[in-house]
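The values are calculated or read from the model by the stated rules, or taken from the named source; none is laboratory data. No experiment lies behind these values; they were computed from the predicted model shown. Note that each Cβ is placed from the backbone with ideal geometry, even for glycine, and that neighbours are counted across all protein chains shown.
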Amino acid sequence: MRPLIAVTATRTLRSSLRISNNAANEVAAITKPKKRAQSKTSSKKSSPSPQSAQVVPMKTATDSNGITRCSWCTNDPIYQFYHDNEWGNSPITDDRLLFELLCLEGAQAGLSWITILKRRQNYKDAFDDFDPSIVAKYTADKINQLIQNDGIIRNKLKIQSAVTNANAFLKVQKEFGTFSEYLWGFAPEGGPTAHLNEGNKCRAVSPESEAMSKDLKKRGFMFVGPTICYAYMQSIGMVNDHHVDCFLYPNKEKSQSD
Ligand SMILES: [Zn+2]
């Protein structure tokens, strides 16, 4: 959700909370590599871990126009636009956009989502509109150039991860035809609203995000911990965690506009 728990548990928490600790832990895990785990065949049916039980309270706020939406997007117009037009609203299957969001989620690790959203165009300009075939060929000089770009988060590991992920992304495309075909294999059964927040609480991870994380890591991707993957699933509409009182809660938009 953008209720962010560090990667924030999703963008709700993405705003204020934002520094939760799953994401921070995921960043730490990358910064301090642990002994490589045994590579196992991925399972999309992995059992829920204790972490899966973590939930984030959801709230709503009503703006001056009478529109009630998830409160994590605050009154910031950039945040609200993202909430109203992208977050969890429609399944994204375009590979380029999937790569863009994967990179942005990774860039956000340990930071607030609004920090990245405000720099989104800068990122697109700096990273060739997130064309994975171009990013995959970035040289050391290009990476050093990006590190000097004050329009993006100048973290060498995160910047390097975009190149690493672009190469892994292209391999997945080659194997599955499209990255979308591969990625959507991790969608929860029953569709994006199958597990809408119960009691207006949103999870930070799910069995599906853990399975996605495990398989992405096996394929060489970086900054893809289970919390980051869950936020990614929300971003691409694989799960829909709008608050039940939000005007974008499934089936509510129409009734409110009538
Ligand atoms: Zn909402």
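Scanning the stretch 70-108 for residues that are under 15 Å from Gln234 (Cα atoms), away from the ligand (no atom under 15 Å from the Cβ) and part of a loop (DSSP other than H, G, I, E, B) yields a total of 3.
Report yes if Ser90 is closer than 30 Å to Thr60 by Cα, touching a Gly at 6+ places or on another chain (Cβ under 7 Å) and at pLDDT below 95, otherwise no.
Details: closer than 30 Å to Thr60 by Cα: yes; touching a Gly at 6+ places or on another chain (Cβ under 7 Å): yes; at pLDDT below 95: yes.
Yes, satisfied.
Lys45 meets the conditions (1) modelled with pLDDT of 90 or more; (2) over 17 Å from the mean Cα position of the chain (by Cα); (3) not aliphatic (A, V, I, L, M) in every case but one. The failed one is (1).
Ala61: within 16 Å of the ligand (Cβ to nearest atom) and without any contact (Cβ under 8 Å) to a residue 24 or more places away in the chain, yes or no?
On the way: within 16 Å of the ligand (Cβ to nearest atom): yes; without any contact (Cβ under 8 Å) to a residue 24 or more places away in the chain: yes.
Yes, satisfied.
For the stretch 200-229, enumerate the residues that are within 16 Å of the ligand (Cβ to nearest atom) and either under 10 Å from the mean Cα position of the chain (by Cα) or surrounded by fewer than 24 Cβ atoms within 10 Å (Cβ to Cβ) (or both).
Quick first cut of the stretch 200-229, residues within 16 Å of the ligand (Cβ to nearest atom) only: 200-203.
Answer for the stretch 200-229, where residues must be within 16 Å of the ligand (Cβ to nearest atom) and either under 10 Å from the mean Cα position of the chain (by Cα) or surrounded by fewer than 24 Cβ atoms within 10 Å (Cβ to Cβ) (or both): Asn200, Lys201.
Within the stretch 180-198, does at least one residue satisfy the condition of being modelled with pLDDT of 95 or more, more than 16 Å from the chain's Cα centre (by Cα) and charged (D, E, K, R)? There is at least one residue in the stretch 180-198 that is modelled with pLDDT of 95 or more, more than 16 Å from the chain's Cα centre (by Cα) and charged (D, E, K, R).
In the stretch 118-128, the count of residues that are in contact (Cβ under 8 Å) with a residue 40 or more places away in the chain and either surrounded by 15 or more Cβ atoms within 10 Å (Cβ to Cβ) or within 16 Å of the ligand (Cβ to nearest atom) (or both) is zero. Note on the stretch 152-167: residues that are surrounded by 13 or more Cβ atoms within 10 Å (Cβ to Cβ) and either in a loop (DSSP other than H, G, I, E, B) or within 17 Å of the chain's Cα centre (by Cα) (or both) total 9.
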